[in-house]
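Q: The structure that follows is given in the form of structure tokens.
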């Protein structure tokens, strides 16, 4: 390899060793660097030997540093290859249920183990060769986030439309033997991988503890755009209640055995079961947040903490509207009512928005569209300010899934709009901070 060094951080071990922008990296500890996985692994130790080239002159540089301390190099983008795409045809795939005409990135199905550790993406391992599996172990790529769905090979292959999916337990055992930690995901499909099969899947994964560190069970999402796709039943109240009971039974046993829950049901599964949101008493499972586990607990805990710091009145009375998905709206409305009671002059109205774009079975705030919000609130006095879920917006350009912008929505509704974060404490500060305190 001959990798251009695009930058050297001031004060870093690399800068102190005399490496400059424009130098080229040839190898590390005598080994080639093919991507960021190699680079991170080979530079993790206390003593790193680099072979570099400056012009026509090669040099060997030995760097002493703290273990885990970054070298401070910015390398060429070729170390970050394009994400490998999914080769499965999962019967429950959400991307296959998207209507046409949305932004192109929404239709990309990434399934690349290299980015799983980096970003927490869930991967299936179906496009993984034995050589790559060995590389994961040798390069200590941990933790990984793995979509399992079923540990029965035949069932998993059928669910994912790929015979290679049947190898999952062999792959997980190899990772466990190699000391790789992984978190798991199960998308619950009634009549397919629920009931006894769910018990088997969770038990099989628990047998790989502590390499298998957790499993989250989430309900499949069904949109109204399923023409030509396999018929699947939605997760109803009874399905959700059974699944939550199964998860909690295993979690209780794991808590007794190891002090860790191991098994989690997503917040949405509790909501569909008609059960209260789970509370984790300060031990929210951050490693499963992307699966919607513990998000409401985090929000409620932060909100409740902020109530104690809220002022008794605000300097100038204000009336605001908060947009929410159908599932969380009752809880947010209850919390905001407590804030209103504590803080004189603040009026908060919470509006639950039905998802007409994807269908009413989709109830989470992160999948709300600008058009649905506009249609629901048009000709409505939303007060001095409208708060919309930040999770429903793309970070880089603040666009909703349907391409609507905040500027467009402000023009449609005639009020300033502010994205509201998912941190409960910060949300209260957002409601109060614009208005000043007496």
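Q: If you find the alpha carbon centre of the stretch 360-391 and of the stretch 59-86, how far apart are they in angstrom?
A: 42 Å
Q: Highest GNM mean-square fluctuation, the chain, Cα pairs closer than 10 Å: which of 368, 172, 102?
A: Among 368, 172, 102, the largest GNM mean-square fluctuation belongs to 102.
Q: Related question: Counting only C-alpha contacts under 8 Å and six or more residues apart, can you give the relative contact order of the chain as a whole percent?
A: 10 percent
Q: For a quick check: sort 388, 108, 348 by the number of other beta carbons within 10 angstrom, fewest at the front.
A: Placing the least packed residue first, the sequence is 108, 348, 388.
Q: Return the FRET efficiency for the residue pair residue 255, residue 290: r is the Cβ-Cβ distance, R0 is 22 Å, and the value is rounded to the nearest 0.05.
A: Calculated transfer efficiency: 0.45.
Q: Under a 10 Å cutoff between Cα atoms, tell me which one of 59, 97, 271 has the largest fluctuation in the Gaussian network model of the chain.
A: So, out of 59, 97, 271, the one fluctuating most is 59.
Q: Using a 10 Å cut-off on Cβ atoms, rank the peptides 245-252, 24-31 from the highest mean neighbour count down.
A: Answer by packing, highest mean first, reads 245-252, 24-31.
Q: Okay, next question. Taking springs between alpha-carbon atoms closer than 10 angstrom, which of 412, 268, 354 fluctuates most in the Gaussian network model of the chain?
A: 412
Q: Among 33, 181, rank each residue by its count of other Cβ atoms within 10 Å, from fewest to most, as a rough exposure measure.
A: The fewest-first ordering by Cβ neighbours comes to 181, 33.
Q: Quick check: pseudo-label points 7 Å beyond the Cα along Cα→Cβ at residue 395 and residue 20, how many nm apart are they?
A: Modelled inter-label distance: 3.5 nm.
Q: Taking the Cα-to-Cβ direction at residue 119 and at residue 77 and moving 7 Å from each Cα, how far apart do the two end points lie in nm?
A: Reported label-point gap for residue 119 and residue 77 is 1.4 nm.
Q: Going by how many other beta carbons lie within 10 Å of each one, how would you line up 287, 183, fewest first?
A: Starting with the residue having the fewest Cβ neighbours, the order is 287, 183.
Q: For the pair residue 110/residue 85, report the inter-label distance in nm, with labels modelled 7 Å from Cα in the Cβ direction.
A: With each label placed 7 Å out from Cα toward Cβ, I get 1.5 nm.
Q: If you count, for each residue, the other Cβ atoms within 10 Å and average over each peptide, how do 234-244, 373-383 line up from highest to lowest?
A: The most tightly packed comes first, giving 234-244, 373-383.
Here, each number is a calculation from the coordinates, and none is a lab measurement. These figures come from a predicted structure and were not determined experimentally. All Cβ positions, even for glycine, are placed from backbone atoms using ideal geometry, and neighbour counts span all protein chains on display.
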